[in-house]
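Below: one structure, written as structure tokens.
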Amino acid sequence: MLTISQLKNNTQEVIRLLGIKNIDTESKINEILAADQSRKSTQKDHNDLQSDLNAMAKEIGALMRKKEIGKANVLKVKTTGLKEKVKNLQEKQVELEDRIYHLLIELPNIPHPSVKPGINENDNELIEQHGEIFETHALPHWEIATKAGIIDFEAGNKLTGSGFPVYVGQGAKIQRALIHFFLDKATDQGYTEIEVPVIVNEDSAFGTGQLPDKDGQMYFLSQDKLYLIPTAEVPLTNLYRNSIVAQNELPIKLCGYTPCFRREAGSYGKDVRGLNRLHQFDKVEIVQITKPENSYQVLEEMVSYIANLIKELDLPFRIMRLCGKDLSFTAALTFDFEVYSAAQKRWLEVSSVSNFESFQSSRLKLRYKDDNNKNQLLHTLNGSALALPRILAAILENNQDGNRIKIPEALVKYTGFDQIEI
RNA sequence: GGAGAGAUGGCAGAGUGGUCGAAUGCGGUGGUCUUGAAAACCAUUGUACCGCGAGGUACCGGGGGUUCGAAUCCCUCUCUCUCCGCCA
């Protein structure tokens, strides 16, 4: 969440930048600042009175020890009225803090200055494009995969419902190969591989900003009040919830493979055909925690890391900078990676890399000690590296060659085969 | 699922109504000593908010209560551990 000092120091600029996300926050921010003023004065009154009360309690204690019960009793009577006042002030203070907090967590992150306004995803800005896009009579991946017998969509329907495919034989192996390949690459790049729970508690879901914003998008286990993770970002980043890390531990670089679970309520049509949009899918995620002054350089690094990953798989792709409207609640700047899917003739998002600046760390209370030994919020970043289903879809659609599908060379040592016969 | 025990500072671990933001040990930081290091010794070492500052307030798992005063007593919730049962 944003901090009061962010709002106070730059009120007009913050309002303007949030406008780029296409929301008007002026009245809300003014309300927060006014409530904070009143909180401060309430707190001062409250603290002063409490201080008086504490002093009297001490005095009573001293009198009791000297057995001057009479004097003590006189003082006791005097505290009664004060106690009432303190209680009222305390209640008022808590009420104000509560109100400020609830207003604050409803504000999305401030977009980076490079973010353009835009109305929808068509306004996302093309940054780079790689690889060749060619005309082809390739079959869409759901047809070719079914024909080759490597994905059984029907079986998934039977077991669970739509959006839960079953991978068979070479299909299952290619999944495992991709996970292995992505983890090896990330490890080579200095990310520490972590295996985490795929079910998290409410605090964790709140820490990275999924709650309260995306409540309905997560699977919820009501018996235990736990959430299935929509991305490894949640457990990986929450490892550092409520901590103060030493400077020499920075930057923190983590990666992890997890299945991801998303309800995808409201999705329909061609968007959800085949592997395009699933309720359960596999993903390797990379996470970095950095000092504020380094985070944008780190974002660049992560972008080029992911670009190289897709290049190694020989897939045509492009990098988009999200416009304000398309930017998530929590992100300050996001680059999406989209691979071209030859048969569907469309771009499929396979990765999203974001800098959250201090938006997550303020919720997470994730800090470090700066050179002056003061605690400062860190910056958090993460990116998919990569999400499997659409990568597989693109491989199946782009690499069709007669009655076989060619496995990208970099993957062969992981799959153990270099083609899938149809 | 049944029975019991517990939750205190980075860690370990005292503390059962006032002098406790909290002993002690370990760890961390700074220093003395040393050619350097170790050891030893000395000092320092939690977080958040309010205040220009002096300083103040809160926090001993969370919430509520009793009391002039709560880490300490009461209620409640959560979590952890041990034993039994079940089990990859």
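The values are calculated or read from the model by the stated rules, or taken from the named source; none is laboratory data. Predicted, not measured: the structure shown is a model, and the values here were computed from it. Virtual Cβ from ideal backbone geometry, glycine too; neighbours counted across all protein chains shown.
Observations on the model:
- Any hit, the range A:110-120, residues being within 15 Å of RNA strand B (Cβ to nearest atom) and surrounded by 13 or more Cβ atoms within 10 Å (Cβ to Cβ): no
- Qualifying residue in the range A:22-37 (condition: away from RNA strand B (no atom under 13 Å from the Cβ), part of a helix (DSSP H, G or I) and either in contact with a Lys or Arg (Cβ under 6 Å, 6 or more places away or on another chain) or among the aliphatic types (A, V, I, L, M) (or both)): yes
- A:L53 more than 7 Å from RNA strand B (Cβ to nearest atom), aliphatic (A, V, I, L, M) and surrounded by 12 or more Cβ atoms within 10 Å (Cβ to Cβ): no
- Condition check for A:A72: free of Cβ contacts under 8 Å to residues at least 24 places away in the same chain, aliphatic (A, V, I, L, M), surrounded by fewer than 13 Cβ atoms within 10 Å (Cβ to Cβ) and in a helix (DSSP H, G or I): no
- Qualifying position, being in a loop (DSSP other than H, G, I, E, B) and buried (at least 20 other Cβ atoms within 10 Å of the Cβ), among A:A385, A:A343: A:A343
- Check on A:N88, of a type in the set (S, T, N, Q), assigned by TED's automatic domain parsing to the domain that holds A:Q37 and away from RNA strand B (no atom under 11 Å from the Cβ): yes
- Cβ separations smaller than 7 Å between residues 6+ apart or across chains give the following pairs from the range A:35-59 residues that are in contact (Cβ under 8 Å) with a residue 12 or more places away in the chain to residues that are within 8 Å of RNA strand B (Cβ to nearest atom): A:D36/A:I4; A:L53/A:T79; A:L53/A:K83; A:M56/A:L75; A:M56/A:T79; A:E59/A:L75.
- Qualifying residues in the range A:1-40 (those that are within 13 Å of A:N109 (Cα to Cα) and hydroxyl-bearing (S, T, Y)) - the one surrounded by the fewest Cβ atoms within 10 Å (Cβ to Cβ): A:T3
- Counting only strands (runs of 3 or more DSSP E) that sit completely within the range A:216-333, those holding 3 or more residues that are within 30 Å of A:D152 (Cβ to Cβ) correspond to A:226-228, A:252-261, A:280-290.
- Test: residue in the range A:171-185 that is over 27 Å from A:M302 (Cα atoms), of a type outside the set (K, R), in contact with a strand residue (DSSP E or B) (Cβ under 7 Å, 6 or more places away or on another chain) and at pLDDT 95 or above: yes
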